[in-house]
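Values quoted throughout were computed directly from the atomic coordinates according to the rules given, and no laboratory measurement underlies them. The structure presented is a predicted model; accordingly, all values stated were derived computationally and were not measured. Note that each Cβ is placed from the backbone with ideal geometry, even for glycine, and that neighbours are counted across all protein chains shown.
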Amino acid sequence: MKKIITSILGLLSLTIAANALPGFTSYLADNSGEYVYYKDNTFTRESYVGMLYYDEATIQIRYYAPQDNVGMQPEKDIAILMTINPDASYWEMTGERILSTIMPNTEDTDLVNYLHDILYEFSSHRQHADDIRERDVKIFQDYEQFGGSVAMLYDCTIPLFNIKGIYSIEGQAQLECVTTGQLKDSFDKSFEDFKGFPKREDKKDNKSKANKAKSKAKSVKYKFENQTVSLDSDWSQPMENFWMLGDNSMVTLGKVPSFDKDSNRNECYIIRRLIESAQDSYTDFSSLLIKKNKNKIEISANIFQGNTEKYVISTKVLAKNKENNDFGYFSISTFENAWKENPSYYQKIIKSYSN
């Protein structure tokens, strides 16, 4: 839970950067340390490709495949640090350093070439996608590496090339974004430590306070500035805008300031930051759901915590201020086992939030 608290509080001090990759200008510029991971379904084994943005002239790309006991294939991890010409109108690589051990005359050489091709083709396809100012923009393009004519799904909230997925004409996912994030500092190993998402374990925690929560428990309406949320007497309040239900769940109220005068850009940027993974806590995009209703935006996702090896169910609600582009902010994060014991209990808390 501590990592999630850090990501929530850290959001309030962010500013929009002015960095860009060669050949196109993103609606939302990339920040140093932002990364994106894709699951590449064109491989016969479970495979991931990640891209990490250092600055407009430096990018790291990584291929990772976990050990495959059925196919008798060892774990594979290949990473390359590349420099590019930021002033070029196309993808021009100026140097590279392979960060992992490469065995000559093996598939490693092919994988290195594949990573080179991915970056070149991503750049080329992104240049032909014009300006991406929304989420989930579908554009049909030719991409031989992924089977010829494909549906490219672009999204302004995805870092680097804004590519969210590549699908066959029949709708099958060839490559799909599984998570994005931003490194906290140079000691943050979240990018290089990512190894995909483990399968769910449906185990109940008998010590969970949520299991003991009864509808008869006294409900109290708590207020922070002009925002309110209803919680029962089982919750403790260590801070003015922060509540905890034992070690299983936490609720936060706050404000997210405006980062841009353009309301759409401002909204897209805040969503991008809220869905990004934090240090050692990965947002599982297969569970990500973003709902917009009038002046509210609800973002829910499962978050895998590497340090505890547990999943957290996270819901964030942005309530737009009628007077400016600022947002009221509500967040509830609950360990998955506790949530499953009493989902209606937590849903009731979410619905009680008002701004």
Out of GLU107, GLU92, GLU121, a Gaussian network model of the chain with alpha-carbon springs under 10 Å gives the largest mean-square fluctuation to GLU107
Would you mind classifying region 36-179 by shape? Square roots of the alpha carbon gyration tensor eigenvalues, ordered a ≥ b ≥ c; an a/c under 1.5 is rounded, otherwise it is prolate if a/b is larger than b/c and oblate if not. oblate
Measuring from its Cα centre, region 203-355 shows a charge dipole (+1 at each Lys and Arg Cβ, -1 at each Asp and Glu Cβ) which, in debye to the nearest 20, is 680
Could you work out how far the C-alpha centroid of region 289-336 sits from that of region 96-133, in angstrom? 33
Which ³J(HN,Hα) values in Hz, rounded to whole numbers, follow from the phi angles of region 333-341 under the Karplus curve 6.51 cos²θ - 1.76 cosθ + 1.60, where θ = phi - 60° and Gly and Pro get x? 10, 9, 4, 4, 4, 5, 4, 5, 5
If one builds a Gaussian network model of the chain from Cα atoms under 10 Å apart, the most fluctuating residue listed among SER219, SER314, SER186 is SER186
Name the residue, out of GLU225, GLU134, GLU56, whose mean-square fluctuation peaks in a Gaussian network model built on the chain with Cα pairs under 10 Å. GLU225
Using Cα positions and a limit of under 14 Å, work out the aspartates and glutamates in reach of LYS218, with same-chain residues fewer than 8 apart set aside. ASP232, ASP234
How far, in degrees from 0 to 90, does helix 2-11 lean away from the longest principal axis of the Cα atoms of the chain, to the nearest 10? 80
Using the beta-carbon distance between VAL70 and PHE187 and R0 = 22 Å, what value does 1/(1 + (r/R0)^6) give for FRET efficiency, to the nearest 0.05? 0.05
